[in-house]
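The structure appears right after this line, and notes come after that.
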Amino acid sequence: MKRFLLILTVILVAAGCCSCGGGETKNTRVFYEYFDTVTEITAFGETKEEFDRVTDEIENILKEYHRLADIYNEYYGTNNLCTVNKKAGKEPVKVNEKLLDLIEYGIQAYSVTNGQTNIALGAVTKLWHQARQKGNELPKEESLKEAAKHCNIEDIVIDRQNSTLFLKDEKMSLDLGAVAKGYACEMAAKFLEDEGKTEYALNLGGNLRVTGKKSGGEFWTAGIQNPDLLSDKAYVNIVYLKQPSLVTSGSYMRYFTVDGKTYHHIIDPDTLYPKNDFKSVSVLCGNSALADVLSTALFNMSLEEGKVLIKSLENVYVLWVDKDGKVHYSEGFEEYIKE
Ligand code: ADP
Ligand code: MG
């Protein structure tokens, strides 16, 4: 049930292929193995053989990033983030350059979001993850405070020459949960664009990325799910994907309840607790990795702070659903609303 819901934060609603007279072939393929969510790939106007070839390639990309960013498992023959975390404070670990690029992107994300998306928050997110697994008690306040002393982004050392990654603080660990999915999605989209594929849509559990327009020249459209799952209104809005990436983070997806209060999975680095101002935040922009990073960061900011951040960025548009279900838009979002 949880996994089923995870894919639904944003939904492609152009799937009926209205722009091409209904005559064009539609292919879909679903993976369940990557980034703890459901991945759905949709394409129009492609032969089955070609679709299979392309989606095999996409699967390879997703699998590779999934493995590199995995903090729970190691894989034979490669060092990944799990290896790097284990060797924290001990020794640099030789890693694939793609992991260095991804970590570098995570470090940039920290500065773009003024520290609100922090890949070095692993010591803290680990405590929340364990609590969520148990499901009936919160992490201890003093443990959170102690862990927070080991979340310094500057303690990540990237050595390009030797292709190594090192964490200076032995108690620190990296968590790419807020970044890797969007980043991998963007890499898969880049592959499609390099191949000249313009009628594909990738949906990695709420990270939606399309390539080009549909064959009739119309924009793809997507529905932003209403966080109130019991409402008759399934979508908050349906939007045109004039920007190719739409990412939603929702507090109603991964959470647990203690003493009647719910705690979701995005942690405010300032308070070390989840912040409950919003039910969901959706970001529309040109790049799925950026959209992923921002959707997480905006959860930790007030609406006003978020609007200031968005204004400082080019071509980024945001829809917030606040805790009372009220919808807020960043400047210019109207241009993207279909209904
Ligand atoms: P989702 O994975 O549901 O799309 P996000 O992209 O917002 O959600 O990522 C949330 C995940 O990122 C958490 O499960 C956790 O592993 C990690 N995380 C939580 N809070 C932060 C934060 N402030 N900065 C960086 N990573 C975080
Ligand atoms: Mg994110």
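The values are calculated or read from the model by the stated rules, or taken from the named source; none is laboratory data. What you see is a predicted model, and the numbers here were worked out from it, not measured in a lab. Please note: Cβ atoms are built from the backbone with ideal geometry, for glycine as well, and neighbour counts cover all protein chains shown. Surface accessibility is based on the protein's heavy atoms, side chains included, excluding ligands, DNA and RNA. Shrake-Rupley method; radii C 1.70, N 1.55, O 1.52, S 1.80 Å.
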Select the strands (runs of 3 or more DSSP E) contained entirely in the stretch 278-339, then report the ones holding at least 3 residues which are under 20 Å from the mean Cα position of the chain (by Cα) and at pLDDT 95 or above.
278-285, 317-322
Determine whether the stretch 199-222 contains at least one residue that is within 16 Å of ligand 2 (Cβ to nearest atom) and open to solvent by 20 Å² or more (accessible area, probe 1.4 Å).
no
Can you confirm whether the stretch 267-289 contains a residue that is away from ligand 1 (no atom under 12 Å from the Cβ) and either among the aromatic types (Phe, Trp, Tyr) or not assigned by TED's automatic domain parsing to the domain that holds Gly332 (or both)?
no
So which residues in the stretch 172-195 are more than 16 Å from ligand 2 (Cβ to nearest atom) and outside the structural domain of Lys214 (by TED's automatic domain parsing)?
Met172, Ser173
Got a number for residues in the stretch 72-112 being in contact with a Ser or Thr (Cβ under 8 Å, 6 or more places away or on another chain) and in a loop (DSSP other than H, G, I, E, B)?
5
